[in-house]
Amino acid sequence: MKRVLVVDDALFMRHMIKMILDNNRFQVVGEAENGLEAAQKYNELRPDLVTMDITMPEVDGIGAVKLIKKMDPQAKIVMISAMGQERFVKDAILAGASGFLVKPFSEEKVVQVLNAL
């Protein structure tokens, strides 16, 4: 069972992703609401995968990817962006993200992208 850290500044989005993961044999081991907290939780929990929102307060998703990749170059991080944020996806991939999802997404798409990693 893959262990996942869910990072998003919106509580409802974290809950939605957690529900999808719980229904599909992933284990959510932690949640974070900004990039700084994400890096701290990653260091503490060492999950197999991270779902990472792009726009968040304090440290954004791209900054968090850079922090996590410094700690663990093998980290598997899936960026989650809203429609119209495609330009950020390129920056995220360059920073080391392993894949991405665009909101709104289906449960099948989330599972497909995470299983691919």
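Among the numbered criteria (1) within 23 Å of Gln40 (Cβ to Cβ); (2) in contact with a Lys or Arg (Cβ under 7 Å, 6 or more places away or on another chain), which single criterion is violated by Ile77?
Evaluating Ile77 over (1) within 23 Å of Gln40 (Cβ to Cβ); (2) in contact with a Lys or Arg (Cβ under 7 Å, 6 or more places away or on another chain) leaves (2) as the failure.
Determine, yes or no, whether Ala64 is in contact with a helix residue (DSSP H, G or I) (Cβ under 6 Å, 6 or more places away or on another chain) and of a type outside the set (Asp, Glu).
Considered against the rule, which asks whether it is in contact with a helix residue (DSSP H, G or I) (Cβ under 6 Å, 6 or more places away or on another chain) and of a type outside the set (Asp, Glu), Ala64 comes out as yes.
When you go through (1) without any contact (Cβ under 8 Å) to a residue 60 or more places away in the chain; (2) on the phi < 0 side of the Ramachandran plot; (3) surrounded by fewer than 17 Cβ atoms within 10 Å (Cβ to Cβ) one by one for Gly63, which number turns out not to apply?
Condition not satisfied by Gly63: (3).
Any idea which of (1) out of contact with any Lys or Arg (no Cβ under 8 Å at 6 or more places or on another chain); (2) surrounded by 14 or more Cβ atoms within 10 Å (Cβ to Cβ) is the one Val28 doesn't satisfy?
Looking at each condition in turn, Val28 falls short on (1).
Looking only at region 70-117, count how many residues are in contact (Cβ under 8 Å) with a residue 12 or more places away in the chain and hydroxyl-bearing (Ser, Thr, Tyr).
Matching residues across region 70-117 total 2.
Considering (1) modelled with pLDDT under 90; (2) surrounded by fewer than 19 Cβ atoms within 10 Å (Cβ to Cβ), say which one Ala92 fails and leave the rest.
The one condition Ala92 does not meet is (2).
Can we say Lys69 is open to solvent by 20 Å² or more (accessible area, probe 1.4 Å), in a helix (DSSP H, G or I), closer than 20 Å to Asn115 by Cβ and at pLDDT 95 or above?
So Lys69 does not fit the description; no.
Are there any pairs with C-beta distances below 7 angstrom linking a residue in region 12-27 that is charged (D, E, K, R) to a residue that is open to solvent by 20 Å² or more (accessible area, probe 1.4 Å) and modelled with pLDDT of 95 or more, with the two at least 6 apart or on different chains, and if so which?
Pairs found: Arg14/Glu31; Lys18/Val28; Asp22/Val28.
Has region 99-107 got at least one residue that is at pLDDT 95 or above, part of a loop (DSSP other than H, G, I, E, B) and either open to solvent by less than 40 Å² (accessible area, probe 1.4 Å) or basic (Lys, Arg) (or both)?
No, region 99-107 contains no residue that is at pLDDT 95 or above, part of a loop (DSSP other than H, G, I, E, B) and either open to solvent by less than 40 Å² (accessible area, probe 1.4 Å) or basic (Lys, Arg) (or both).
Please work out which one of (1) in a helix (DSSP H, G or I); (2) more than 19 Å from Leu117 (Cα to Cα) is the condition Pro57 fails and give its number.
That leaves (1) as the condition not met.
The values are calculated or read from the model by the stated rules, or taken from the named source; none is laboratory data. What you see is a predicted model; the values in this text were computed from it and never measured. Cβ sites come from the backbone with ideal geometry, for glycine too, and all protein chains shown count toward neighbours. Keep in mind that these areas ignore ligands, DNA and RNA; they rest on the heavy atoms of the full protein, side chains included. Shrake-Rupley method; radii C 1.70, N 1.55, O 1.52, S 1.80 Å.
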